[in-house]
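Trainee: Quick one: the structure is below, and I'll ask about it shortly.
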Amino acid sequence: MIFSAPLEEKFARMLAQYPPGRQRSAVVPMLIYAQDEVGSITKELIEEVARRCGVTPLQVDEVVGYYSMLHRKPIGKYHVQVCTNISCQLVGGEELYEHAKRKLGIGHREVTRDGRFSLEEVECIGACSWAPAVEINYDFHHQVTAEKLDQLLDNLPDSDHQGAANK
Amino acid sequence: MTMLYNEPSPLETRVVSKRFGLPNSASLDTFLATGGFEAFHKAREMKPEQIIEEVKVSALRGRGGAGFPTGLKWSFVPRNSPKPKYIIVNADESEPGTCKDRLLMEYDPHQLIEGILIAALAVDSHAGYIYIRGEYRYLIELMDRAIAEAYAKGYLGKNIAGTGWDFDLYTHSGAGAYECGEETALLDSIEGKRGIPRMKPPFPAVAGAWGCPTLLNNVETFSAVPAIIRDGGKAFADLGTPKNGGTRLVCISGHVNKPGVYELPLGYPMMKAINEVAGGIPHGRKLKAVVPGGSSCPLLRAEECDIAMDYDTLAKAGSMLGSGGMVVMDETTDMVRVALRIMRFYAHESCGWCIPCREGTAWLRKILSRMVEGNGRREDVALLGELSKNMLGRTFCALGDAAAMPTMSIVEKFAEDFEKYLVPEAVLV
């Protein structure tokens with residue numbers, strides 16, 4: 001597999017930043033950055049990361065199963081992550097998540113039929129003092145109300161270059 | 001002015017957050033114009049043991065949650081080991097209620113870099129890694145830019161600031177795992193594995209990343225170091241209470257009028273933080289409970305909140321100062337639903353390595369769900385307490401305790417909240 005030029009450059013730097021012989025350390029960051037470009041963690045991607053980091057595909061596979069941001073199935077172009085952990089729960093996070101489910105017509109870790117949106121009820125994303133919080137791809141949105149979420153989702157650009165995921 | 005997430009309070013003591021809100025506060029120019037790297041140059045003139053002594057005098061304690069004395073931790077790193085020594089920054093901030101390291105990286109990344117460099121001088125390290133949670137991608141990019149700027153101007157890399165001393169610094173992305181905030185799980189993660197906690201000893205200071213001596217601290221801990229070296233450990237210690245030096249970023253969330261991150265001296269009165277710094281509870285409601293420092297801490301009932309916020313005082317009260325994530329709950333809060341939400345989190349995040357944690361969190365979640373769904377049995381309340389008690393101290397890392405402790409405190413202190421879930425008629429209302 002070959003990635004985009006900027007990603008190839010990033011991976012070259014990444015492999016060089018760990019001590020000699022410790023290139024396995026690049027497995028997790030390489031997976032997450034590659035996922036952004038490929039769309040999901042595919043079998044080919046696992047084999048490619050294993051080859052580049054000098055480990056077996058099984059060693060990469062077991063890592064994929066552990067980290068919640070790594071997805072084996074494609075997620076939406078816009079991955080909507082609603083936090084319902086305590087700080088968000090106290091100020092309407094659960095209601096906001098229910099609203100998002102109704103609005104998008106999908107549930108936890110599901111994707112809309114057109115592939116535009118996926119939804120995830122996430123654990124604390126570190127926005128507690130500005131709750132309730134939503135992260136769309138890698139963009140944080142604070143003090144989100146149902147109306148604000150509608151606006152946000154309705155106004156996301158169609159261009160393929162806006163989303164950080166599936167770029 | 002840089003946009004801040006919340007208005008600062010005049011009641012704050014701004015030491016590590018002093019640059020928050022300055023124009024281009026994340027730039028090296030702003031940093032240098034406001035005393036940046038003065039502490040580093042001072043540290044260059046000091047012997048390593050003097051640096052560590054100054055940190056000990058400051059009574060700085062780990063800001064990630066455990067509160068271990070920082071200077072002591074630094075002294076455990078075998079400086080003369082023939083192996084390379086590594087600095088690792090824990091920026092995996094994910095303790096529910098905590099959102100401060102974000103600001104330290106966003107508004108003052110060079111202060112963090114300076115703190116890392118001083119630590120590196122103290123333990124003779126030449127390479128460091130900032131482990132940033134994957135959800136904070138924008139901060140990884142921001143730190144990468146700050147690091148590139150520091151390299152370009154000679155504050156990282158070879159012959160730093162003409163001193164003949166080398167240090168390389170890198171970021172490392174996580175990919176979603178609360179457990180990786182535990183230092184030994186973080187080390188496994190940075191080695192490219194599942195984040196499973198390690199048996200201790202050996203402690204990371206002796207055998208950490210790639211089997212080498214490793215100094216691992218939280219973002220806020222490193223960020224406090226420049227002020228300690230610049231103004232002296234004693235000046236920092238004097239801001240707080242005995243054995244609880246300095247200030248810390250308190251993240252106030254939940255039912256308050258002005259939620260936000262505020263820098264307060266250790267020992268600050270909790271009720272003053274709620275009522276004055278954070279503007280009190282909305283709608284004239286009464287306080288019911290407080291999570292003092294992240295969801296792992298036993299909760300306090302309102303009448304227990306007339307307390308000084310330092311590590312030792314909260315420990316004496318049976319709770320913890322933790323990570324600085326203070327969650328305020330008013331009288332309308334349903335503590336059973338809070339307990340369930342907390343347990344859903346720990347059950348999701350348990351890495352599954354230790355059976356008491358893996359099974360315990362899953363069973364506690366199931367029992368609490370059953371209650372909230374209206375099928376609670378009277379004996380369930382005691383069962384929650386019993387199961388939690390059986391998890392305590394029986395796991396490799398603190399996640400099992402972190403799940404058990406808040407649950408036990410809710411069962412003990414808010415028994416009345418469970419009543420309505422035990423009487424089917426009341427649930428139907």
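Trainee: Within the set of other residues whose C-beta is less than 13 Å from the C-beta of B:N90, count the net charge using Lys and Arg as +1 and Asp and Glu as -1. Working shown, then result.
Mentor: On the way: positive: B:R63, B:K73, B:K100, B:R133; negative: B:D92, B:E93, B:E95, B:D101, B:E179, B:E182, B:E183, B:E220.
So the environment of B:N90 carries a net charge of -4.
Trainee: What is the fewest-to-most order of B:S295, B:S388, A:S40 by other Cβ atoms lying within 10 Å of their Cβ?
Mentor: Values: B:S295 29, B:S388 24, A:S40 15.
Final ranking by Cβ density, sparse to dense: A:S40, B:S388, B:S295.
Trainee: Residue by residue, what Karplus-based ³J(HN,Hα) values in Hz, rounded to whole numbers, does segment B:305-318 have, using 6.51, -1.76 and 1.60 with θ = phi - 60° and x for Gly and Pro?
Mentor: 3J(HN,Hα) across segment B:305-318, in whole Hz: 8, 7, 9, 7, 8, 9, 4, 6, 5, 5, 5, 5, 7, x.
Trainee: In whole Hz, with x marking every Gly and Pro, tabulate ³J(HN,Hα) for segment B:125-137 from phi via Karplus 6.51 cos²θ - 1.76 cosθ + 1.60, θ = phi - 60°.
Mentor: 10, 10, 8, x, 9, 9, 8, 10, 4, x, 5, 8, 4
Trainee: For B:F20, enumerate residues with amide H under 5 Å from its amide H, sequence gap 5+ or separate chain, H modeled in the peptide plane.
Mentor: none
Trainee: Find, among the trypsin sites (Lys or Arg not before Pro) in segment B:231-302, those assigned to loop by DSSP (not H, G, I, E, B) with at most 12 other beta-carbon atoms within 10 angstrom. Numbers along the way, then the final one.
Mentor: Details: sites: B:K234, B:K243, B:R248, B:K272, B:R285, B:K286, B:K288, B:R301; in loops: B:K243, B:R285, B:K286.
Listed in order of number, the matching sites are B:K286.
Trainee: Excluding B:S369 itself, what net charge comes from residues whose Cβ is under 12 Å from its Cβ, given Lys and Arg +1 and Asp and Glu -1?
Mentor: Numbers: positive: B:R337, B:R341, B:R344, B:R365, B:K366, B:R370; negative: B:E373, B:D380.
Around B:S369, the charge tally is +4.
Trainee: Here is a further query. Note down the net charge around A:G107, summing +1 for each Lys or Arg and -1 for each Asp or Glu among other residues with Cβ under 13 Å from its Cβ. Spell out each step's value before the answer.
Mentor: Values: positive: A:K101, A:R102, A:K103, A:R109; negative: A:E98, A:E110, A:E120, A:E121.
Summing Lys and Arg as +1 and Asp and Glu as -1 gives 0.
Trainee: Along the positive direction of the dipole of chain B (beta-carbon charges: Lys, Arg +1; Asp, Glu -1; about the Cα centre), which of B:P84, B:L383, B:V250 reaches farthest?
Mentor: B:P84
Trainee: Hand me the chymotrypsin sites (Phe, Trp or Tyr not before Pro) from segment B:134-242 located in a DSSP loop with no more than 15 other Cβ atoms within 10 Å, in residue order please. Don't skip to the answer; put the middle values down first.
Mentor: Details: sites: B:Y136, B:Y138, B:Y151, B:Y155, B:W165, B:F167, B:Y170, B:Y178, B:W210, B:F222, B:F236; in loops: B:Y155, B:W165.
The qualifying sites are B:W165.
Trainee: GluC sites (Glu not before Pro) within segment B:19-61: which are DSSP loop residues with at most 15 other Cβ atoms inside 10 Å? If you can, show how the numbers build up before the last one.
Mentor: Working: sites: B:E38, B:E45, B:E49, B:E53, B:E54; in loops: B:E45.
Qualifying residues, ordered by number: B:E45.
Trainee: Based solely on its DSSP helices, what 222 nm [θ] is calculated for chain B when runs of n ≥ 4 H residues each add -39,500 (n - 2.57) and the sum is averaged over all residues, nearest 500 deg cm²/dmol?
Mentor: Details: 17 runs with 175 residues, N = 429.
For chain B, the value works out to -12000 deg cm²/dmol.
Trainee: Using a 10 Å cut-off on Cβ to Cβ distances, tally the other chain neighbours for every residue of A:26-38 and report the average as a whole number.
Mentor: Working: counts 2, 5, 16, 11, 2, 4, 7, 5, 0, 1, 1, 0, 0.
That average works out to 4.
Trainee: Follow-up. Sort B:H110, A:H99 by Cβ crowding within 10 Å, fewest neighbours at the top. Can you show the working numbers first?
Mentor: Details: B:H110 25, A:H99 18.
Ascending number of Cβ neighbours within 10 Å: A:H99, B:H110.
Trainee: Through the Karplus equation 6.51 cos²θ - 1.76 cosθ + 1.60, θ set to phi - 60°, convert the phi angles of segment B:353-363 into ³J(HN,Hα) values in whole Hz; use x for Gly and Pro.
Mentor: With coefficients 6.51, -1.76 and 1.60, one gets 6, 9, 4, x, 7, 4, 6, x, 5, 5, 5 Hz.
Trainee: Given charges of +1 on the Cβ of Lys and Arg and -1 on the Cβ of Asp and Glu, with all other atoms neutral, how large is the dipole of segment B:335-428 about its Cα centre, in debye to the nearest 20?
Mentor: Numbers: 13 positive and 12 negative charges, 49 e Å.
Rounded to the nearest 20 debye, it is 240 debye.
Trainee: Let me ask another. Which of rounded, prolate or oblate describes segment B:28-239 when judged by the alpha-carbon gyration tensor and an a/c cut-off of 1.5? Each step should come with its number before you reach the end.
Mentor: Working: a/c = 1.35, a/b = 1.18, b/c = 1.14.
Rounded shape, in that the Cα axes give a/c under 1.5.
Trainee: Enter the Cα centre distance for the pair segment B:271-306 and segment B:360-407, rounded to the nearest angstrom.
Mentor: Cα centres, segment B:271-306 to segment B:360-407: 24 Å.
Trainee: What average count of beta carbons from other chains do you get within 10 Å of the Cβ of residues in B:191-204? Don't skip to the answer; put the middle values down first.
Mentor: Values: counts 6, 18, 9, 8, 4, 1, 0, 0, 0, 0, 0, 0, 0, 0.
Average neighbour count from other chains, rounded to a whole number: 3.
Trainee: Putting +1 on Lys and Arg Cβ atoms and -1 on Asp and Glu Cβ atoms, find which of B:G192, B:N6, B:L422 reaches farthest to the positive end of the dipole of the protein assembly as shown.
Mentor: Most positive-ward Cα: B:G192.
The numbers here are math on the coordinates, done by the rules we state, and not lab data. What you see is a predicted model, and the numbers here were worked out from it, not measured in a lab. Please note: Cβ atoms are built from the backbone with ideal geometry, for glycine as well, and neighbour counts cover all protein chains shown.
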